Each structure stands twice: as structure tokens, then as C-alpha cells.
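The values are calculated or read from the model by the stated rules, or taken from the named source; none is laboratory data. Just so it is clear, the structure is predicted and the values come from calculations on it, not from any experiment. When we count neighbours, we look across all protein chains shown, and the Cβ atoms used for this are built from the backbone with ideal geometry, even at glycine.
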Amino acid sequence: MFFRKLNNSQLWEKIKKLRELVQETDNFKDRKCYACEKSLNIYDFLSDNLEFAPEHVLDLWQSPFLEFHCCECFKYLKFHELEAIEELVKARECAFCDNTIDLFKFGKDHSYLKIHELKEEWLNLLKPIFCDNLCQRKYYKEKAESSTNNSL
Ligand SMILES: [Zn+2]
Ligand SMILES: [Zn+2]
């Protein structure tokens, strides 16, 4: 199922690592789509979230506080809910690079969030959001550096 996506060595390395972690995990979760109950595959989840480390992917997968959706349900069933959120706040900007962030892309990047959690993140204008993990890292790095400078 996930093999068609194996087109680079980085992904292959991550899958290998994740497979080892899964084997070492007691009570590895059988996940089903929250909406349609289709069985989910952790390796698909990994390949959709390649920016995450395998350890982080496993943590999210095992979390009792998260529900997952299959790609189709996320795309089609959540589309209308996302539209409703978009009516409240159309777009946001990355706190680091000021690029416009599209809600649908943001939703896809955070597909492990429940829709109400996604809504909370999106509508909380005081909380910075980012295009990607790279911008997030740079933002907090700069912030840490500037607070060090201020205290000197
Ligand atoms: Zn589904
Ligand atoms: Zn950015």
C-alpha cells in the first residue's frame, strides 16, 4: 500500500526506523479512520508527514488524545467544516516569513488535529502559526537569541 510512495532514500530510512520502533512498542495501536472506520496505516501517516521524525510519528499514533482521519475523509468530509472556519478568518500569515498560509494546506499539514483543535489554532490570532516546521524553528531560534541579547 505504501510502497508506491517509496521514491527516495530518506523516506526509506524513516520507514525502516519506524518499523523498528513499532516492533519495540507494546500495545501498538490499531487505528481506524474516525469518520469511516477504514483501517489506517502508520506508514501512510509517516509518508504524509515526512517532516516529522519517526519517533514523533509513533508518539502521535499512540496518543490517546488524538483521532485520525483517512485522507479521503479529511479531504471530503472536513471540507465543509474548513470552509466554515475560513469564513471567520480567511487567511493567516506565517509568524516568521509573513507568507500567507492557506487554511486547507494548514489543515492537511496538521491532519492529526481534530477539527475543533484546528479551528482553535487557526482562530487564535495571538498564537503564532507557521508555513512549516522550518519557519517555526527559525522563529523560536531568533526569539531565544533576542531574549539572550536583551538580558546582556
Ligand atoms: Zn475515512
Ligand atoms: Zn514561513
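Would it be correct to say that Leu77 is more than 16 Å from ligand 1 (Cβ to nearest atom), among the aliphatic types (A, V, I, L, M) and not assigned by TED's automatic domain parsing to the domain that holds Lys38? Full working, then the answer.
Working: more than 16 Å from ligand 1 (Cβ to nearest atom): no; among the aliphatic types (A, V, I, L, M): yes; not assigned by TED's automatic domain parsing to the domain that holds Lys38: yes.
Spelling it out, it is not the case that Leu77 is more than 16 Å from ligand 1 (Cβ to nearest atom), among the aliphatic types (A, V, I, L, M) and not assigned by TED's automatic domain parsing to the domain that holds Lys38.
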- the range 88-97, residues that are surrounded by fewer than 17 Cβ atoms within 10 Å (Cβ to Cβ) and either farther than 27 Å from His56 by Cα or touching a residue at least 24 places away in the same chain (Cβ under 8 Å) (or both): Leu88, Val89, Lys90, Ala91, Cys97
- Message: Based on this model, can you work out whether Asn41 counts as over 26 Å from Arg137 (Cβ atoms) and modelled with pLDDT of 90 or more?
- Response: yes
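Within the range 69-87, does at least one residue satisfy the condition of being buried (at least 16 other Cβ atoms within 10 Å of the Cβ) and in a loop (DSSP other than H, G, I, E, B)?
Yes; the residues of the range 69-87 include at least one that is buried (at least 16 other Cβ atoms within 10 Å of the Cβ) and in a loop (DSSP other than H, G, I, E, B).
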- Pick from the range 86-113 the residues that are within 11 Å of the chain's Cα centre (by Cα) and basic (Lys, Arg): which of them is farthest from ligand 1 (Cβ to nearest atom)? Lys105
- Task: Using the structure shown, decide if Phe96 is of a type in the set (Phe, Trp, Tyr), outside any helix (DSSP H, G or I), within 16 Å of ligand 2 (Cβ to nearest atom) and at pLDDT 95 or above.
- Result: yes
- Subset of the range 38-68, residues touching a Ser or Thr at 6+ places or on another chain (Cβ under 9 Å), outside any helix (DSSP H, G or I) and away from ligand 1 (no atom under 16 Å from the Cβ), comes to Asn49
- Item | The lone exception for Glu55 - which of (1) exposed (fewer than 12 other Cβ atoms within 10 Å of the Cβ); (2) away from ligand 2 (no atom under 16 Å from the Cβ); (3) over 30 Å from Gln23 (Cα atoms) it fails | (3)
